[in-house]
Amino acid sequence: MVKQIAVIKGDGIGPEIIAEAIKVLEAVADKFGHSFEYNYVLLGGTAIDQEGTPLPAETIKACKRADAVLLGAVGGPKWDFGPGHMRPEAGLLGIRKELGLFANIRPVKLFNALKDACPLKDPGEIDLVIVRELIGGAYYGERKTYIDEKTAVRTAYDTMAYSDFEIQRVARVAFDLAKKRAAAVGAAESGRPLGVTSVDKANVLDSSRLWREIVAKVRMEDYPNVALSDMLVDNAAMQLIRYPSQFDVIVTENLFGDILSDEASMLTGSLGMLPSASLNESGVGLYEPCHGSAPDIAGRDIANPLAAILSVAMLLEISFNMSREARAVENAVNAVLEQGYRTVDIVFKSEADSNSCEVVKCSEMGDLVAKVIAGNS
């Protein structure tokens, strides 16, 4: 099967981790008889430097033509002082809007081999998914910075606005995902609660009160057999640290989802372990690790490529309907971790003290995963 992938290396460590993700994709292609064709395009700081804009028109065209998009990371201090529309993050927000990527899916899974890297004393089983609405709310609402002519007071505001259809469609993604996860494990076999937790700030915000009302309506009309609970965002932030195993699927708006998913990433041992998929209504997806561009370690070959590699697994599963291939990638990552291989960010103290792990470079980690997929481990 031939598939077209638009590839955005991005900034900082982006090119390094994308190289390893492509290495794994090629191992999958060789193993399972597929052909992946890559179209490399620019976005973010590199696009500003080379094209004078964080989101070139050709990038938009290439991404719309592709079967899936693979992205490294964007941003860095080099571009922090330009106007908002000329910062790398504007390119990222722009491509999400152009592709209609309204649902961001971030699995948060603690691999058994990394349990000691989790900051919690007794983490239990952590296997949850955060579904974040991605193209609404405060990041896309009306905003302004102005100076009052009479008082000379400088003021800025950002508007968090949501319509019912925006809430409906992301709620459906969450409920569908909860149904799929329940079917995969079976409620009887699962040792954790199954269902959707909707996170909002309904005690204060009108947008959250609408959010809660619409999510409940979607559940009542179309998903009556899926459990639903509501939780305020401040409580959710606490509960993620106190008892993360209580969660199955969390659905929330853009700003809350950004913060909660970054918080939850620490439960996996490192932000370098968290993949993501951003989807539109036609099924086209953009896949990227949740970490940033980490310019302080760029070019040193020490970044963790596993979040990018696990994003490849999501790409195979969701956009290409290649479940067997996706499992092969996930199993290979697990096997490499079980064998004791680590990048520097996921070495925990007991392993370091006992010399029971082997620290490898970014490129070496990609090689190891690819070899397991090929059957050469």
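Farthest toward the dipole's positive end in the range 48-98, which of Ile95, Val74, Thr53, given Cβ charges of +1 (Lys, Arg) and -1 (Asp, Glu) about the Cα centre? My answer, from the dipole projection, is Ile95.
The dipole here belongs to the chain: it is taken about the Cα centre, uses +1 on the Cβ of Lys and Arg and -1 on the Cβ of Asp and Glu, and is about 420 debye. The simple Förster model, with R0 at 41 Å and r as the Cβ-Cβ distance, assigns Arg324 and Tyr243 a FRET efficiency of 0.75.
For n ≥ 4 DSSP H runs only, could you compute -39500 (n - 2.57) per run for the chain, divide by its residues and tell me the 222 nm figure to the nearest 500? If you can, show how the numbers build up before the last one.
On the way: 12 runs with 156 residues, N = 377.
Using -39500 (n - 2.57) per qualifying helix, the result is -13000 deg cm²/dmol.
Listed by chain and number, the lysines whose alpha-carbon sits under 22 Å from that of Lys31, ignoring those within fewer than 8 places in the same chain, are Lys3, Lys23, Lys371.
Efficiency by 1/(1 + (r/R0)^6): what FRET value for Asp49 and Asn355, r their Cβ-Cβ distance, R0 = 41 Å, to the nearest 0.05? Don't skip to the answer; put the middle values down first.
Details: r = 43 Å, r/R0 = 1.04.
It comes to 0.45.
So what's the net charge close to Ala156: Lys and Arg +1, Asp and Glu -1, counting the other residues with Cβ under 11 Å from its Cβ? Neighbour charge sum, excluding Ala156 itself: +2.
Value of Rg to Rh for the chain, rounded to two decimals, is 0.97; Kirkwood radius and Rg both from alpha-carbon coordinates.
Which order do Glu20, Glu26 take by accessible area at a 1.4 Å probe, largest first?
On the way: Glu20 10, Glu26 70 Å².
Of Glu20, Glu26, the descending order of accessible area is Glu26, Glu20.
Candidates Leu316, Gln339, Gly292 compared by Cα position along the dipole of the range 205-345: farthest toward the positive end lies Gln339, with charges placed on Cβ. Modelled label positions at Lys150 and Lys217, each set 7 Å beyond Cα in the direction of Cβ, lie 4.0 nm from each other. For the pair Asn112 and Arg65, label points projected 7 Å from Cα toward Cβ lie 4.6 nm apart. Largest mean-square fluctuation among Arg300, Arg132, Arg154, in a Gaussian network model of the chain whose springs join Cα atoms under 10 Å apart, belongs to Arg154. Probing with 1.4 Å while keeping every protein chain in the model, the per residue accessible area of the range 76-203 equals 52 Å².
Be a star and scan the range 86-110 for residues whose amide nitrogen sits under 13 Å from the point 7 Å along the Cα-to-Cβ vector of Glu281. Hits in the range 86-110 for Glu281 at 13 Å: 100-103. Each of Lys180 and Lys121 was given a label point 7 Å from its Cα along the Cα-to-Cβ line. The distance between the two points is 3.8 nm.
In percent, how large is the relative contact order of the chain, given Cα pairs closer than 8 Å and 6 or more residues apart? Rounded, it is 22 percent for the chain.
Ranking Gln168, Val108, Ile130 by how far each Cα lies toward the positive end of the dipole of the range 101-221 (charges on Cβ) leaves Val108 at the top. Per residue, how large is the accessible surface of the range 242-295? Use a 1.4 angstrom probe and give square angstrom. Here the residues of the range 242-295 average 27 Å² of exposed surface. If both residues of a DSSP beta bridge must be in the chain, then about 40% of such bridges are antiparallel. Just the protein heavy atoms count here, and of the accessible area of the chain at 1.4 Å, carbon and sulfur take up 51 percent.
The values are calculated or read from the model by the stated rules, or taken from the named source; none is laboratory data. Keep in mind it's a predicted model, so treat the numbers as computed, not measured. Virtual Cβ from ideal backbone geometry, glycine too; neighbours counted across all protein chains shown. SASA here: full protein model, heavy atoms, side chains in, ligands and nucleic acids out. Shrake-Rupley method; radii C 1.70, N 1.55, O 1.52, S 1.80 Å.
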